Every structure is written in C-alpha cells, then in structure tokens.
C-alpha cells in the first residue's frame with residue numbers, strides 16, 4: 001500500500017484536538033484535515049481552539065463539499081454520534097483508506113465494520129492520558145498513547161501502514177500482544193474511573209485516596225473482570241492493579257470525560273460502560289451490584305438535566 005499522506009479527523013473534542021495537533025505537527029497543516037460542517041468551521045475559525053493554552057493552527061475542511069479520498073480517517077466522536085459521522089464521511093473512504101476509532105468501549109470497531117470492510121480498521125485504545133475540553137480550551141496532561149492492533153487472522157497491511165506513519169513522526173503508540181483483550185482491559189479502567197467521578201462529582205484526586213469513590217472504583221473494575229472472563233477474555237486482578245497504578249499517577253485535579261459530561265449537563269457514555277457490563281452480566285447470570293448502582297445514579301443525574 002502507498003504511504004499515508006492525507007489524514008482526516010472527524011470530531012474535535014479533547015482527543016480529536018490532541019490527535020489533530022500531533023498529526024499536524026508531524027505531517028504539516030496541509031496534510032491533516034479537520035472535518036466539520038460550515039457552521040462549526042466558522043466557529044472554530046472565529047473563536048479558535050486552544051491546546052494547553054496555545055491556539056491551534058488547523059486546516060478546517062467542509063466535510064460536505066470535500067471530495068478527495070483520504071489515506072487515513074480517524075473518528076473522535078462520542079459513541080452515539082458514530083453512525084452519523086460514518087455517513088457524513090462515507091464519500092471520503094475508498095478500499096485503500098485506513099480507519100481508526102479512538103472511541104471508548106469495545107464496540108466501535110464492530111460498528112465501523114458494518115459499514116466499511118473490517119480489514120480496513122486498525123483497532124485502537126486511547127490510553128494513559130487525561131484530556132479535558134471546556135468551551136474552546138483543551139487541556140491534556142499527559143498526552144498518553146494509542147494502543148494499536150488487529151484481530152488474529154486479519155491482513156496486517158493497514159496496521160503496518162499506520163505504524164510506518166507514526167514511526168516517521170514520533171507519534172506515541174504501543175502494540176499490545178492481544179488487542180481485543182487490551183480493549184477489554186481499558187474498558188475496565190473506564191468503568192472504574194469515569195462513572196464514579198460523574199456520580200461523586202469529583203476529579204481523579206478522589207479516586208486516589210481512601211473513601212467511597214475509590215471503593216466503588218475497585219468494586220466495579222472487579223466486576224468487569226468477572227464478566228470478561230465469562231466472555232472468554234483473560235482479565236485478572238493484575239489488570240485492576242495496572243490501571244489503578246496509572247490512575248494514581250494522574251494529576252489529582254484532572255477529570256474523566258464523564259465528569260465533564262456531568263458538569264456540562266450532557267448525556268454520558270454510561271451505556272458503553274455499566275450498560276455493557278450489565279447486559280453481559282445478565283447473559284451469564286453474574287451479579288454486578290457496583291455497576292448496577294453506578295448505572296442507576298447516572299440515570300438519576302441525567303434525568304435532572
């Protein structure tokens with residue numbers, strides 16, 4: 001396959017901004033297209049997007065009128081917006097386009113595979129960062145990395161294409177031995193951190209010290225291990241300890257995406273987290289009281305918007 005020369009990014013939240021900045025810095029402004037409609041572009045150009053206090057110099061491109069296919073397309077929207085994002089970008093995708101989703105959960109690659117060829121999709125986990133967007137201000141500390149991979153038996157050409165690009169621009173990434181298990185491991189982290197911080201209206205600091213938020217974090221993570229094992233995914237207490245050690249090193253005042261959803265009175269991704277665990281737990285006859293409680297509390301919060 002030819003090398004990646006043009007990259008499109010759909011979604012300019014905290015992670016979209018992070019990766020637009022890294023890729024623009026590495027490839028150059030003309031090669032990285034931040035895709036949006038005309039109204040959003042006008043707002044971005046008028047108000048600016050700021051990354052850690054510095055205004056970003058992005059190439060904004062109207063997704064509705066741009067016609068040249070992309071070599072790499074990265075989706076950075078909320079899960080509920082993925083179907084719409086795919087439809088809006090469909091005309092920019094050819095069989096040679098490589099696709100990446102940085103969405104939370106373990107479902108977005110499957111959803112992409114219903115519309116595009118599964119072999120085009122490089123499976124991905126965005127990890128080891130804290131990223132916050134308030135208005136036009138994005139704060140990321142630290143930047144973390146993308147964990148990449150493909151399921152066993154898939155042609156690795158699209159994965160090799162992405163890693164070749166990332167190596168050439170010093171883009172941070174890792175290659176877990178089993179990407180499916182690693183995605184479940186990151187789901188464990190999201191279940192245990194995102195939901196308590198929304199329910200208890202706190203940042204990572206409350207998860208780093210003894211108290212109810214930390215207790216719920218551990219309990220909900222261990223329920224993910226049980227459900228994952230029932231699904232044939234070999235998670236263990238080691239995965240819990242691994243992610244807690246990462247969480248304990250985050251800046252105490254940094255926040256999860258669900259904490260930001262609660263502050264902004266926006267619908268959260270609780271269905272991707274507790275929702276997923278509850279549905280699979282019911283399938284296997286497993287009790288998940290911590291995730292049941294978190295799910296119910298988030299429903300109450302969102303009902304008051």
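What angle do you read, to the nearest 10 degrees and between 0 and 90, between the alpha-carbon axis of helix 14-27 and the longest principal axis of the chain?
40
If r is the Cβ-Cβ distance from residue 137 to residue 3 and R0 is 30 Å, what FRET efficiency results, to the nearest 0.05? Present the calculation step by step, with values, prior to reporting the outcome.
On the way: r = 34 Å, r/R0 = 1.14.
Once rounded, the FRET efficiency stands at 0.30.
What is the Cα centroid distance between region 242-305 and region 39-97, reported in whole angstrom?
Using only Cα atoms, the two centres lie 27 Å from each other.
Just to be sure I understand: of the beta bridges DSSP finds with both ends in the chain, what percent are antiparallel, rounded to 5? The partial results should precede the final answer.
Values: 11 of 33 bridges.
Once the DSSP bridges in the chain are tallied, antiparallel ones form about 35 percent.
By per-residue mean of other Cβ atoms within 10 Å, what is the highest-first order of 97-103, 19-25?
97-103, 19-25
Quick one: work out the % antiparallel among DSSP beta bridges in region 7-174, nearest 5.
For region 7-174, the DSSP antiparallel bridge percentage is about 35.
Let's test the formula: R0 of 35 Å, r as the Cβ-Cβ distance of residue 57 and residue 94. What FRET efficiency results, to the nearest 0.05?
0.80
Give the percent of DSSP beta bridges with both residues in region 1-89 that are antiparallel, rounded to the nearest 5.
15
Beta carbons within 10 angstrom, averaged per residue: use that to sort the peptides 132-141, 254-263, 228-237, highest first.
In decreasing order of mean packing, 132-141, 254-263, 228-237 become 254-263, 132-141, 228-237.
Students often get this wrong: which residues of region 225-245 have the backbone nitrogen under 16 Å from the point 7 angstrom along Cα-to-C-beta of residue 279?
Residues passing the 16 Å test: 227-228, 231.
A short reminder: the numbers here are calculations on the coordinates, not readings from a lab. Computed from a prediction, not measured in an experiment: that's the story for all the values here. Methodologically, a virtual Cβ is constructed for each residue, glycine included, from the backbone with ideal geometry; neighbour enumeration extends over all protein chains shown.
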